[in-house]
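Have a look at the structure below, then the notes.
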Amino acid sequence: MRYLPHTPEDMAAMLQVVGVESMDDLFSTVPDECRRRSAPDLPEPLTEWELDDHMATLSGKSTTHGHDDGAPMVFIGAGRYEHFIPESINYLLGRSEFTTAYTPYQPEMSQGTLQAIYEYQTLTARLLGLEVANASLYDGASALAEALLMAMRITRKKKVALSGVIHPHYRQVVQTYLDPAGLEIVLLPCLENGRTDISGLQDVEDLAAVAVQSPNFFGCIEDLAALGNMCRENDVLFITAFTEPLAYGILKNPGLQGAHIVCGEGQSLGIPRWFGGPGLGMFACKRQYMRNMPGRLVGQTLDKQGRRGFVLTLATREQHIRREKATSNICTNSSLCALSAAMYMASLGRTGIRELARLNYDKAAYLRESLRQAGFRIRFDTPCFNEFVVEFPPDFELTYNRLLKKNMVAGLPLSTWYPELKHHYLLCVTETRSRADMDAFVKEVLS
Amino acid sequence: MNKPLAPTGLNLDEPLLWEMGKPGRTGFSMPRRDVEPFPLDDGLAGDGPDFPDLNEMGVVRHYTRLSQWNFGVDTGMYPLGSCTMKYNPKINEKCSQLKGFAGLHPMLPADMTQGALGLMLELERFLAEITGMDAVSLQPAAGAQGELAGMLLIHAYLKSRNVTRNKIIIPDTAHGTNPASAALCGYRPVRVKSGDQGILTPEAISEVMDEDTAGIMITNPNTLGLFEAHIKAISDIVHGKGGQVYCDGANMNAIMGMVHMGRSGVDVLHLNLHKTFSAPHGGGGPGSGPVCVANHLVPFLPVPRILEGNGIYSLSEDFPQSLGRLHSFFGNFGVMIKAYAYILSLGAAGLMKSSRLAVLNANYIKEKLKSAFHLPYDRPCMHECVFSDKIQREQKITTLDMAKRLMDFGFHPPTIYFPLVVDGAIMIEPTETESLEEIDRFIEAFRIVATEAAESPELLRGAPKRCRVERLDETLACRQPCLVG
């Protein structure tokens, strides 16, 4: 086996030093009752070349839908977005000094990771308009759950309000995290315009926080400034989540609009969709809540010679020191994905992210207006980013299936999560769709 | 040792991103604008984030230089205890980048994702087979989320039997994340001391296990690198009082194909694919922390679950007793691919040989270093061994000093000050992929450090000298936190 360097002579010499006769004797402390009777029943090992073929076959089964003309044209976003990733980023991520390092516990040997994550924290804080950001969490859903737990720690209250137009999976994860501790979730309904209805907020007592998503699950841009004001008047923490951070290339950031904690999914920033993971849990907050944050933090400091350097810091919040009183149990996070995001934000720059975000906004608007002109109802008139909801005719399922055979995926049917939205589909367009693609799609939908 | 110290190399300075660049540069190939601008409400529009503008080579040089300040498994031996820093095969990286995997949207109709679902189901079966458990969920995104899943499974199971319990037993040799994971389920940790031999005794468990205790979180092999030999008896005690046994499997690398966890009395076990199954750690993730369960816990596994019928795979959320969803989608698929490729490359014999060699390497180091360092538990170890700085403390040299000095010899230090049961702990896990020559070099370097501790301690207190920076002021970082620039 090419990963194992030991020759029979090496093993013999080492066994002699250890003072045992055979490899099996090394396991003398494992009692019989715990031992396996036989080797695990696994396939015969593959050579590198056989593995390569096998994986190519498996991955091929995953895209072409029985067709051989390449990747399908997917009009689904809903938490995972197709964006172009510069080859320079793929290339840099191949630097194994980054990939094969552990969490930077020994800072003198990890300044590369540490400076890169410090830069990631800075760019994240700037993107979201807040004062501090952490080194990452697992994904958008767990980031939201952690934000709510943090709000309950800060306020010592046990109830939170959650917008019903937050990604349904995120709401499920929040429930998983909050339920066993007996914490209560109040669901805020959706208005006719696709935005969150928080008019009932005054009637809810003892609330720790209100959480909304913007752009929300329907792609609608929430009126964060108004929501922020309401939260301030009601003296509750304001948490905003996101699944599409690129939106903040052109939208006013949540920090400017009164958000105390902003969290969400960073997959759009240079990370492949990867069937849903790994992603990147982005997390930022106001500086006054810094010591209540979950997760790792990188901070700037000096070495003995007075030179700038970086270390993991404020560890007294964390599981390995604080044990059961820690702000979170998280240890390994999504460091390499945070590195991708930093590289992506650095590649775009302010000029680039504005232009790219605007292009995404305009392209989605183009398809939306084309479908509207073709006679389909656009469900919500609120401004949206990348995604929007269309009502198709009751027999659209036939069209949907016909389009699948042409390697086009006509959005995500919404009735699974919103039974009242029968025949409604969530469609997504990014910079990867050309005008010709969209025209072809509309033509197919109509034919 | 002919060349004891790491030679100095060319080490280039590199500013922070925002200390470089000029407005108007770009490192991104902007897609063609083929649609007209659509009006955007002024009230919603922002000015855009304050990012520096760099060109492509500016970005490439920046990160190339930063990477050169890092040390990875590909750079050299990285014997970080309980982290299993083994070689990360390159073919696995290529597999995870295949377009049909990397570009796959998670919400496509199932007939478009058969390859991915099939891979996941097969990986679940492999992991069940390797551990001797009955079923697996791949959803947890890392070890600590696997622990949380384990706690939630126990919570949901007890709830289904109308049982409410408030405590959980956690030994002093458990992983650091365990108490925090248990606390998320509202369980109060009850600490139990390991015995003289560094392992738990059934008597100690009997004393604390009662009808208000949900179960035990036991790390096996434990963080002293010792096999918990009484695990079956301990499980029987816990089960006898209606509790459940959770095993932290972060140290599975010692016992792949050797130990049957199910028969040892374990009800739920988590694995770290980024440790045992060769996926790289990425400087802190992403990881993957599958949970493996015994049959009675299957109804409570996270949803969605993958089903198979007539060779067709599908996803189902229809498990009413499930603990719910833990991840935005199905977990870290990109990491699962690497673990799957690893298992297929090694097969059962290769996995077992890996564990045997991991244990051989650790015992060899233990034998070779025990004359230079205090070994608190002198007995056969598993994949890692734990020393302390008891001898060197007489010269006022600490574990930290020795760790930093090792860097000058070109080795990443072991895990230090963990486990907490050993004062000034030095926890060494070589893994199976280090050769005898490399291990001998490490041993020699560490022995030189021990000699220096006695003869020229200032060398240790001033270390490291050959890294990018000298020792960093962690107190300053904490007192005046500067988290963004």
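Taken together, the values in this text are just the output of simple stated rules run on the coordinates, not laboratory data. These figures come from a predicted structure and were not determined experimentally. Reconstructed Cβ throughout: ideal geometry from the backbone, glycine too, with neighbour counts over all protein chains shown.
The stretch B:176-252 and the stretch B:286-345 have Cα centres lying 25 Å from one another. With helices as the sole contributors, chain A gives -11000 deg cm²/dmol at 222 nm; each DSSP H run of n ≥ 4 counts as -39500 (n - 2.57), and the sum is divided by every residue.
The mean count of C-beta atoms from other chains within 10 Å of the C-beta of residues in A:13-26, rounded to a whole number, is 5. Of the peptides A:174-187, A:256-269, the order by per-residue mean of other Cβ atoms within 10 Å, starting with the highest, comes out as A:256-269, A:174-187. Shielding value for A:357-366 is 5, the average number of Cβ atoms from other chains within 10 Å of each residue's Cβ.
Evaluated at q = 0.09, 0.15 Å⁻¹, the base-10 log of the normalised Debye intensity for the stretch B:348-472, with identical point scatterers placed on the Cα atoms, takes the values -0.25, -0.67. Kindly write out, for the stretch A:20-29 in residue order, the coupling ³J(HN,Hα) from the Karplus curve 6.51 cos²θ - 1.76 cosθ + 1.60 (θ = phi - 60°), rounded to whole Hz, with x marking Gly and Pro. Taking θ as phi minus 60°, the curve returns 10, 7, 9, 4, 5, 5, 5, 9, 5, 7 Hz for the stretch A:20-29. Ordering B:Leu400, B:Pro171, B:Ile428 by Cα displacement along the dipole of the protein assembly as shown toward the positive end leaves B:Leu400 in first place; charges were set at the Cβ atoms of Lys, Arg (+1) and Asp, Glu (-1). Computed from phi, the 3J(HN,Hα) profile of the stretch B:372-386 under the Karplus parametrisation 6.51, -1.76, 1.60 (θ = phi - 60°) reads 9, 10, 5, 10, x, 10, 8, 8, x, 9, 8, 8, 8, 10, 10 Hz, with x in place of Gly and Pro.
The amide H of B:Ser288, built 1.01 Å from its N in the peptide plane, has B:Gly143, B:Leu273, B:His274 as neighbours under 5 Å, considering only residues 5 or more places off or on other chains. The residues A:His6, A:His169, when put in order of fewest to most other Cβ atoms within 10 Å, stand as A:His6, A:His169. Once Rg and the Kirkwood radius are both taken over the C-alpha atoms of chain B, their ratio Rg/Rh works out to 1.00. Only helical runs count toward this figure. For chain B, summing -39,500 (n - 2.57) over DSSP H runs of n ≥ 4 and dividing by all residues gives -10500 deg cm²/dmol at 222 nm.
Which whole number gives the average, over all residues in B:409-416, of C-beta atoms from other chains lying within 10 Å of the residue C-beta?
On the way: counts 0, 1, 1, 6, 4, 1, 3, 2.
For peptide B:409-416, the averaged partner shielding equals 2.
Could you please state, rounded to a whole Å, how far the C-alpha centre of the stretch A:84-104 is from the C-alpha centre of the stretch B:86-104? Centre-to-centre (Cα) distance: 13 Å. Only the Cβ atoms of Lys and Arg (+1) and of Asp and Glu (-1) were treated as charged; on that basis the dipole of the stretch A:88-345 about its Cα centre amounts to roughly 860 debye.
Taking amide H as placed 1.01 Å from N in the peptide plane, A:Leu237 has its amide H under 5 Å from the amide H of A:Ala209, A:Val210, each at least 5 places away in sequence or on another chain. In summary, the helical segments of chain B meeting the span-like criteria, namely a full DSSP H run, a Cα extent along the axis of 20 angstrom or more and a mean Kyte-Doolittle hydropathy of at least 0.5, are B:114-131, B:143-160, B:333-369. Listed peptides B:144-151, A:337-344, B:28-35 appear in the order B:144-151, A:337-344, B:28-35 once ranked by packing, highest mean of other Cβ atoms within 10 Å at the front.
May I ask you to sort A:Tyr361, A:Tyr3 by Cβ crowding, counting other Cβ atoms within 10 Å and putting the fewest first? Please list the in-between numbers first.
Numbers: A:Tyr361 26, A:Tyr3 18.
Final ranking by Cβ density, sparse to dense: A:Tyr3, A:Tyr361.
Screening chain A for whole DSSP H helices of 20 Å or more along their axis (Cα) with average Kyte-Doolittle hydropathy at least -1.0 returns A:111-128, A:140-155, A:335-373. Between the alpha-carbon centres of the stretch A:234-272 and the stretch A:181-226 there is a gap of 15 Å. Highest mean packing first, where packing is the average number of other Cβ atoms within 10 Å per residue, the peptides B:290-296, A:430-436 line up as B:290-296, A:430-436. When B:Arg165, B:Arg447 are arranged by Cβ crowding within 10 Å, least crowded first, meaning fewest neighbours, the order is B:Arg447, B:Arg165.
Within the shell of other residues whose beta carbon sits under 9 angstrom from the beta carbon of A:Gly112, the net charge comes to +2, with Lys and Arg scored +1 and Asp and Glu -1. Near A:Leu191, once Lys and Arg are set to +1 and Asp and Glu to -1 for all other residues with Cβ below 14 Å from its Cβ, the sum equals -4.
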